[in-house]
1. Could we say that A:Ile124 is β-branched (Val, Ile, Thr), touching a residue at least 60 places away in the same chain (Cβ under 8 Å) and away from chain B (no Cβ under 14 Å) here?
2. So, A:Ala160, is that one modelled with pLDDT under 95 and in a loop (DSSP other than H, G, I, E, B) or not?
3. Among A:Arg265, A:Arg249, which is the only one that is of a type in the set (D, E, K, R) and touching a residue at least 12 places away in the same chain (Cβ under 8 Å)?
4. Answer yes or no as to whether A:Leu208 is farther than 22 Å from A:Pro116 by Cα, buried (at least 24 other Cβ atoms within 10 Å of the Cβ) and in contact (Cβ under 8 Å) with a residue 12 or more places away in the chain.
5. Which condition number in (1) surrounded by fewer than 19 Cβ atoms within 10 Å (Cβ to Cβ); (2) in contact with a Leu (Cβ under 8 Å, 6 or more places away or on another chain) is the one that A:Thr178 fails?
6. Among the residues of segment A:46-60, are any open to solvent by 20 Å² or more (accessible area, probe 1.4 Å), farther than 25 Å from A:Gly206 by Cβ, over 21 Å from the mean Cα position of the chain (by Cα) and not polar (S, T, N, Q)?
7. I'd like the full set of residues that are hydroxyl-bearing (Ser, Thr, Tyr) and farther than 15 Å from A:Arg238 by Cβ, limited to segment A:28-83.
8. Residue check, A:Pro113 against (1) within 16 Å of the chain's Cα centre (by Cα); (2) at the interface with chain B (Cβ under 7 Å from one of its Cβ atoms), all met but one. Which one?
Number of protein chains: 2
Amino acid sequence: MTARVLVNGLAEDHVSALDRGLAYGDGLFETIRAINGTAPLWARHMARLCDGCGRLGLPPPDAGMLSRESARVVDGIPDAVVKITLTRGCGERGYAPTESIGVTRIVAAFPAPLWPADWYRDGIRVRCCALRLAAQPRLAGVKHLNRLEQVLARGEWSNADVVEGLLFDQAANLVSATAANVFVGIDDVLLTPPVDICGVAGVLRGALLEALPDTHVRTMTKEELMRADEIFLTSSVRGVLPVRALDGRVLRAGGHARAAQAHWRAFGFPGGES
Amino acid sequence: MTARVLVNGLAEDHVSALDRGLAYGDGLFETIRAINGTAPLWARHMARLCDGCGRLGLPPPDAGMLSRESARVVDGIPDAVVKITLTRGCGERGYAPTESIGVTRIVAAFPAPLWPADWYRDGIRVRCCALRLAAQPRLAGVKHLNRLEQVLARGEWSNADVVEGLLFDQAANLVSATAANVFVGIDDVLLTPPVDICGVAGVLRGALLEALPDTHVRTMTKEELMRADEIFLTSSVRGVLPVRALDGRVLRAGGHARAAQAHWRAFGFPGGES
């Protein structure tokens, strides 16, 4: 893994073994695509990070400093994924979120993987995961560091042909993929599940809800999903991925996915050409 | 904070900023009380850690190595809390729990705080937390690193007179305290909630269920809790803590709590004398 890392602004690649981010997952992260040093969705990532800090009781992030540090780590990487992690830092042992010695700030950059062109053109294979997401309104929507559910769900398959897994809540309603949001076209209506009980409020999901204002945010059962005319996944890192197969069911990229891909390119990202 | 730390057996106090324990809370921990170098509940802690590794798909822990490293860090600390953390280590970016470069192993020792004698004699004040624990059977019982619920719940109060907070699930059934299990005496029957939907399978809880075999494991509503004759909390670090006040309600240490404290001392721990 080639990564450039800054920890609290210093070119270090380690954090204290007693950091609360490690001890309790007590923190937040963002993964941000940057093309030639520019991150088209930067402002939305900062807005979500700021909201997450408020939800966890962390001080608001210094977006200017994060921007400067991101510029340092992406320098020379034409297509980069920037990962920003903020934790409550070190403090006394125990859960109490008392005065810490200060937030730990990690800014890292990785070269973006070369995702296959046919993923965007023809779509990807996805599966339904067995793990059901827990309902926790206090953490829903937030991109926090408690991600064991996603790790366990992603561990359900190792077949490299299957790119993503769909996750449902305890009531068997669709929520998201393991690392992407999901949009579903049924009877010419575009739907995406709410993220107020579980799931993450994806940055690209938010941008597309504004760009495609006829989209309905509502719960969907697994049965409804199986009647979908089209399904696509959205991630601010990977963009818009149509689904060409869901378990045994064959689908094809539809008009909604193509419209979402056009918006992705309009934001300033490459790829996803139909 | 005075701590002695070994990371993968080396006298270091830091881990990679890209460790999955930090990125996703992808790991486990144990906090173990050691008196003059001896941890009376060691075997139970190792059994839970081994079970947790199985649940998360980590390789089983090397209990002999952990024992030797624990002995190194507690040397010279007459009353110590040993914290063992295992993570899936570093690996490729993304949730997939693929081959990592190896588990990260952190063994740290802290001097045990001097808890007030009256906590054990007269009891502690506790409150009911507003945060409701999410139901996740796949993680229930496991002492994993996803502890944001506990951090948020512990952040609900700052009054130092209140020592613990009781947590309920989404159906308003009692689960535990933020960092302890809970036992409730109602009509001369001793009850403790199950930990198969949420909560942690406490080591002292397990030992007491064997020592006090008439204890019933069953769900309890908040209404039942409010009719309790006695309540006590159990932690393998802090021991058996009777509750003397629950929000506005006054209680006193009863026979069940005294019996549990006697078992605590019989395990080889000091304190908790009635």
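The values are calculated or read from the model by the stated rules, or taken from the named source; none is laboratory data. What you see is a predicted model, and the numbers here were worked out from it, not measured in a lab. All Cβ positions, even for glycine, are placed from backbone atoms using ideal geometry, and neighbour counts span all protein chains on display. Side chains are part of the model used for accessible areas, which takes the heavy atoms of the whole protein and leaves out ligands, DNA and RNA. Shrake-Rupley method; radii C 1.70, N 1.55, O 1.52, S 1.80 Å.
1. Yes.
2. Judged against the criteria, A:Ala160 is a match.
3. Exactly one residue qualifies, and that residue is A:Arg249.
4. yes
5. For A:Thr178, the exception is condition (1).
6. no
7. A:Thr38, A:Ser67, A:Ser70
8. (2)
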